[in-house]
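*Asks:* Dropping a structure here in structure tokens format, bear with me for questions.
The values are calculated or read from the model by the stated rules, or taken from the named source; none is laboratory data. Computed from a predicted structure; not experimentally measured. Cβ sites come from the backbone with ideal geometry, for glycine too, and all protein chains shown count toward neighbours.
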Amino acid sequence: MPVIEVANLRKAYGETVAVDDVSFTVDEGEIFGIVGRNGAGKTTAVECVAGLRTPDAGSITVAGLDPRADRDRLRRVLGVQLQECRLPEKLRVGEAMWLYRSFYPDGADPGTLLAGLGLDGMRDTAFEDLSGGQQQRLSIALALVGDPRIAVLDELTTGLDPQSRRETWRLIENVRASGVTVVLVSHFMDEVERLCDRLAVLDRGRLVALDTPAGLVERVGGEQRITFRCAQELDEPALRALPEVDSASSDGRQWTIIGSGNLLYAVSAELARQRITPAGFRAEQASLDDAFLALTGRSLDGDTGVTEVDQRGEVR
Amino acid sequence: MTGLPQMTVVEAKMVWRDPAGLLIPLGLPLLILLMHGMGGQGELVPEFGGLSGFDAVAVPIALTMILAIVGMVNLPSFLAGYRKHGVLRRLSVTPAKPAALLLAQVLVNLGLATVGLVVALAVARLAFDLSAPRELGWAALALVLGAAAMYAVGMLIAALAPSVNAAIAIGLVAFLGTMAAGGGFLPAEHLPGWLATAGEFTPYGAALQALRDAWIGEAPQVLHLAALAGVTVLAVSAAARLFRWE
């Protein structure tokens with residue numbers, strides 16, 4: 001059942017059309033990603049959902065409420081983390097949580113939230129003394145302190161170090177596990193691939209795709225390529241006979257297998273059956289970033305789209 | 001209003017933890033009092049209804065200054081900073097209203113001004129034998145209306161200023177300009193007539209005149225009180241219309 005319904009949303013600032021005829025629904029309990037480059041209209045779209053901006057056209061329903069007309073009721077069910085929002089410099093972590101908790105009649109326990117975000121020992125630290133990552137995590141905690149039904153998180157891991165990002169991802173998964181619907185605005189492909197059930201891809205204000213991460217990857221072709229070296233004699237016909245394999249070739253030292261489906265597993269199993277130990281085993285497959293490139297004509301970030309797999313077939 | 005008590009507590013802590021902001025509104029008027037007090041303005045002047053220059057001039061100037069600095073400089077600089085850093089925008093997505101934060105700021109700054117007034121009055125009383133205003137009720141009304149007018153101007157400055165520095169600059173110009181024209185530096189009779197008349201109806205000038213009258217024992221002029229009330233109404237309604245949350 002959808003908790004957010006956006007239909008034919010349009011918002012322009014003067015001559016610039018930020019969001020143009022965008023429609024999507026977000027189901028209860030899912031993590032829904034909105035991805036796109038800077039300026040694609042992601043933030044404008046979620047600001048309309050959060051009732052911060054009035055759409056020029058189209059309709060939005062959030063938990064059965066009109067974000068503009070039912071603003072006050074919306075605030076109690078929707079937690080929002082915004083980009084570039086600071087707190088007063090001298091405000092301490094514990095005080096910020098206490099203050100924001102007081103805005104809601106029912107809410108989460110600030111102590112549990114802070115512990116979950118690794119801010120437990122920082123209660124008496126002023127906002128200005130927190131690192132960028134800690135400020136970001138506090139901002140997430142404030143978005144969740146009202147125990148919302150829906151949480152909108154805008155660029156939540158921007159500026160975080162890799163470990164903090166992973167911890168934040170775990171937190172988001174826990175949030176969803178507790179029944180909260182999450183709308184995640186991001187330009188990190190690894191993040192949305194890991195977290196999101198479905199994605200809306202925006203480009204220049206328009207919705208160019210609405211699908212699961214796997215579905216998006218499939219759209220750009222399921223072709224996969226495996227390369228490895230092996231010193232032993234290989235039973236090439238047996239390898240070619242695998243239904244997943246389209247072609248197999250060798251330049252004498254290096255083998256290249258092209259195929260689809262669960263190619264990685266099929267080839268690994270066949271090599272194991274032949275008791276062959278490959279070296280430099282690599283699997284390349286279309287990534288979400290390739291999908292984004294194909295959909296919009298430009299890459300989202302500097303990712304190469306190569307997933308390295310070691311000999312046990314585990315993604316490194 | 002949701003969260004108002006908590007916001008007021010938090011805003012008070014913010015003011016307390018940034019004591020540099022307290023120095024000018026509390027320290028400068030006190031310094032002026034001390035200078036006047038030690039400068040020997042003790043003799044009683046018939047035109048001041050038999051009060052000393054210290055009682056009839058220096059103390060009203062210093063008290064009005066406290067209200068003017070807190071209202072027209074401190075308040076807008078805080079609010080402009082909150083807008084710049086997205087503090088107001090952040091609040092606008094919670095059930096709390098950003099207006100509650102504005103109100104909390106006004107309350108805290110009123111408290112701050114009250115502390116300033118009490119300290120100044122205590123020093124003037126203990127060190128320089130200040131006499132109580134002869135029209136106590138009128139004096140209180142002059143302070144309340146003066147505070148209202150200056151806080152309203154402060155809100156309007158916060159609404160108009162594009163940046164924190166602009167808010168401080170506009171606030172200082174408003175404070176120093178109205179103080180100069182309103183007879184806070186030089187007695188009004190030393191100013192050109194048109195300037196003195198204009199200055200008399202600025203928030204600073206009108207509050208000073210009303211307070212002096214009350215101290216000497218006269219009822220303040222209706223025009224001065226009306227000017228303060230009028231500025232309050234105009235500035236608040238303009239600020240409410242022009243204020244940007246982000």
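*Asks:* When you look at B:A58, is it over 30 Å from A:L87 (Cα atoms), away from every other protein chain (no Cβ under 14 Å) and under 21 Å from the mean Cα position of the chain (by Cα), yes or no?
*Replies:* Here the answer is yes, as B:A58 does meet what is asked.
*Asks:* Mind counting the residues in segment A:191-228 that are of a type in the set (D, E, K, R), within 21 Å of A:V46 (Cα to Cα) and in contact with a Ser or Thr (Cβ under 9 Å, 6 or more places away or on another chain)?
*Replies:* 6
*Asks:* Can you name the number of the only condition in (1) in contact with a Leu (Cβ under 6 Å, 6 or more places away or on another chain); (2) free of Cβ contacts under 8 Å to residues at least 24 places away in the same chain; (3) more than 10 Å from chain B (Cβ to nearest Cβ); (4) outside any loop (DSSP other than H, G, I, E, B) that A:P67 fails?
*Replies:* Of everything listed in (1) in contact with a Leu (Cβ under 6 Å, 6 or more places away or on another chain); (2) free of Cβ contacts under 8 Å to residues at least 24 places away in the same chain; (3) more than 10 Å from chain B (Cβ to nearest Cβ); (4) outside any loop (DSSP other than H, G, I, E, B), A:P67 misses just condition (4).
*Asks:* On to the next question. Which one of these is within 26 Å of B:F78 (Cα to Cα) and either more than 19 Å from the chain's Cα centre (by Cα) or outside any helix (DSSP H, G or I) (or both): B:G154, B:G171, B:G184?
*Replies:* Being within 26 Å of B:F78 (Cα to Cα) and either more than 19 Å from the chain's Cα centre (by Cα) or outside any helix (DSSP H, G or I) (or both) holds for just one of B:G154, B:G171, B:G184, which is B:G184.
*Asks:* Right, next: List the number of the failed condition for A:W98; all other conditions in (1) within 27 Å of the chain's Cα centre (by Cα); (2) surrounded by fewer than 19 Cβ atoms within 10 Å (Cβ to Cβ); (3) within 19 Å of B:T2 (Cα to Cα) hold.
*Replies:* Condition (1) is where A:W98 drops out.
*Asks:* Next question. If B:L34 satisfies every condition in (1) within 14 Å of another protein chain (Cβ to nearest Cβ); (2) in a helix (DSSP H, G or I) but one, which is the exception?
*Replies:* Going through (1) within 14 Å of another protein chain (Cβ to nearest Cβ); (2) in a helix (DSSP H, G or I) one by one, B:L34 breaks only (1).
*Asks:* One residue is enough: does segment A:277-298 have a residue meeting the conditions assigned to a loop (DSSP other than H, G, I, E, B), over 21 Å from A:E191 (Cβ atoms) and at pLDDT 80 or above?
*Replies:* Taking every residue of segment A:277-298 in turn, at least one turns out to be assigned to a loop (DSSP other than H, G, I, E, B), over 21 Å from A:E191 (Cβ atoms) and at pLDDT 80 or above.
*Asks:* Which one of these is in a strand (DSSP E or B) and under 12 Å from the mean Cα position of the chain (by Cα): A:V201, A:V192?
*Replies:* The match here is A:V201.
*Asks:* Which is buried (at least 19 other Cβ atoms within 10 Å of the Cβ) and farther than 19 Å from A:D289 by Cα, of A:L117, A:L195, A:L207?
*Replies:* On inspection, the qualifying residue turns out to be A:L117.
*Asks:* Could you list, in sequence order, the residues of segment B:163-195 that are under 19 Å from B:M150 (Cα atoms) and at pLDDT below 85?
*Replies:* Within segment B:163-195, B:G183, B:G184, B:F185 qualify.
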